[in-house]
Amino acid sequence: MEPPQPSVVEEKMRLQEHLQRQQQQGQQQPSSQSSQSRNPTSGSNTVPMTEEELEGSPVHNQQSPAYSPDPSQESPAYAPTHMQIPRVPVPPPAPVPVYTTPRSPTPPPYSGPSTPAQEPAPPPESQTGGPKPPPRYPGLPALDYRLYNPPLFELSTDKTTIKSTTAHLSSSADALVALIRQQATVPPKPQIHIVGRRGNTPGTGRADFSIKLNLLSLLVPEDPRQRMDYLRCVGAGEVAFRGGTKPAAQPEVEGDGSLDAWAARFVADTASVKAFALERVVVNLDVEWLEGQIRKLVAAMRYPGTVAVSFPITHSRVVVQNPDRVNKFITSVTGFFAGKRKYEVVKAVWPFATMPKGSDADGRRCAVQTEEVWWREWRGPIRYAIATKRNGWVTNEDKLEALMEGTPSATPEDVDWGPEY
C-alpha cells in the first residue's frame, strides 16, 4: 500500500517557512560582521570605533585578560575568516657608535693647577743611569743645597767650615778631585751685619738693634749660562800653604800646577796629620761703598750710639783630613807639637762682578745687579728695621711689605732711642 502523497498546500507552506528562515539569517549576518569589524584585535578595521567603544575596548584596558587574547576562546564564526600572521622575531637594534672627541693635553683656560697625578713621574734612577737631580726650591737660587752639609762631614759651630776624616778622600787622588770640583759648584754665603750699641766701651752694653742681610742671591744669576764662578789654583811664587806648617811660595808641583797634581801630592804625603782645604771666596763686591751708605743712613736717623758694620762669609771652607789614628784628642796633640801639613792651594771664586767697582764702568758686568740697584731696593726695609730696633734678619718679606703696603716713614722724629745707659 503506497504512503499518502503531501498535498500542494503543505509543500507551499514548508517552502514559505524555509524562505522566512533564510531571510531572518540574512538580516542577522550584517550585524555580526559589523561587530567583527569593530573588534580592535581584528586585522582589518574597516569601521571606525567611537570614543566610548575605544575606551571600553579590551585593547586599551591593560587590566583586562583580553589584552592578550587566547586563540582557543575565539568564536567559531571569527576563526574561519581570520587570517593569522606568523610572528617573526625582530632582531635587536644595531648599536649606535659613540664618537668621542680626543682630549687635548692642554688644560682649558682658567683651569686649576695640575695635580701630581697629571704630571709625568720622573724616571727611576736606574733608568736614567745617573744620580738623582737636586731638588728645586721656588724663590731660592738654583743650587744643590745638599752639598752644604753632605754625609760624612761635620759643620763647624760658626757655620764656616765642613770637615771630613773619611779615609778614601785622603788616600785616593781621584776621589779628592771629584769632591773638590763638586763642592766648588755652590757659593759661600756672604752677609751684612749691622749692630748699634750704646755704652762706655765699644763692643759692650746692650744692642739697640742687630740686623742681618743675606747676599747669596747676588752671586747666582737665574740663567745658569751667566754664572761667573771658576776654580783657581795657587800660582807660581804665590804665598800659600803648600804642604807645610807655614805659608810659603815653595814648593811647586810638577806639570801645570793643576788640581790633580796637588791632590796627588797630598795623597802621597806621609805626614801623621795632614789636611787639604777648598776655600770659597767672593770678589769684586764693593763692601766699602755699601758700608758708607749704611753709616750715612744710620747717622741721618740721629742714632746716639756706635754702629758696627761687618761682612762675614759662612759656608766658605771644605776641609779633608786624614783619619785619626787613635782619637781626635791624640790627633790634636800630635798636630800641635809636630805640626799639621796644610794644603790650601785651591779656591772656588764667585765674582759679584767681572771687575772691581770704579775700575771700568763701561766694561763692568754684575752677575745679578749692581750695588746701587741693590741699595735702592733694600734701603727702606733696612731703615725701618733699625727704627723698630729689630734683632734678626731683614728678608724678602720686608721688601714685599715695602712694595705692596709701603714702608712706614722712619724720620729722626719718629724714632725714640730711649735714655742713655
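Give me the number: length gained by fully extending residue 23 to residue 140, i.e. 0.36 nm times residue separation minus the C-alpha to C-alpha distance, one decimal in nm. The partial results should precede the final answer.
Details: separation 117, 0.36 × 117 = 42.12 nm, distance 11.70 nm.
Full extension of this stretch gives 30.4 nm more.
For the range 218-347, rounded, prolate or oblate, judged on the Cα gyration tensor with a ≥ b ≥ c (square roots of eigenvalues), a/c < 1.5 rounded, else prolate if a/b > b/c?
Cα axes put the range 218-347 in the prolate bin.
State the extension gain, in nm to one decimal, for the chain segment bounded by residue 309 and residue 185, taking 0.36 nm per residue of separation less the distance between their alpha-carbons. List each step's numbers first, then the result.
Working: separation 124, 0.36 × 124 = 44.64 nm, distance 2.88 nm.
Answer, rounded to one decimal: 41.8 nm.
Roughly what % antiparallel, to the nearest 5, for the DSSP beta bridges in the range 160-407? Kindly include the intermediate steps, with their values, before the conclusion.
Working: 28 of 44 bridges.
Here the share of antiparallel DSSP bridges comes out near 65 percent.
Sorted by mean Cβ packing within 10 Å, highest first, what order do the peptides 186-198, 205-217 take?
Details: 186-198: 20.1, 205-217: 17.6.
For the peptides 186-198, 205-217, the packing ranking is 186-198, 205-217.
At a Förster distance of 30 Å, what's the computed FRET efficiency of residue 362 paired with residue 393, Cβ-Cβ distance as r, to 0.05? Before the final figure, lay out each step's value.
On the way: r = 36 Å, r/R0 = 1.19.
The formula returns an efficiency of 0.25 here.
How would you classify the range 131-204 from its alpha-carbon gyration tensor, with a ≥ b ≥ c the square roots of the eigenvalues: rounded for a/c under 1.5, else prolate if a/b is greater than b/c, otherwise oblate?
Numbers: a/c = 3.51, a/b = 1.72, b/c = 2.03.
Oblate.
Along the Cα→Cβ direction, 7 angstrom out, place labels at residue 404 and residue 328. What is the inter-label distance in nm?
4.4
Is the range 160-407 rounded, prolate or oblate when judged by the Cα gyration tensor, a ≥ b ≥ c being the square roots of its eigenvalues, rounded requiring a/c under 1.5 and prolate requiring a/b larger than b/c? It would help to have the intermediate numbers written out before the result.
Numbers: a/c = 2.48, a/b = 1.74, b/c = 1.43.
Taking the square roots of the gyration eigenvalues as a ≥ b ≥ c, the range 160-407 is prolate.
Would you tally the net charge around residue 375, using a Cβ to Cβ cut-off of less than 15 Å, leaving residue 375 out, and scoring K and R as +1, D and E as -1?
On the way: positive: 295, 296, 357, 376, 379, 383, 399; negative: 286, 288, 291, 371, 372, 377, 398.
The answer is 0.
No lab work stands behind these numbers, since they all come straight from the coordinates. In this text, all values refer to a predicted model and were calculated from it rather than measured experimentally. Virtual Cβ from ideal backbone geometry, glycine too; neighbours counted across all protein chains shown.
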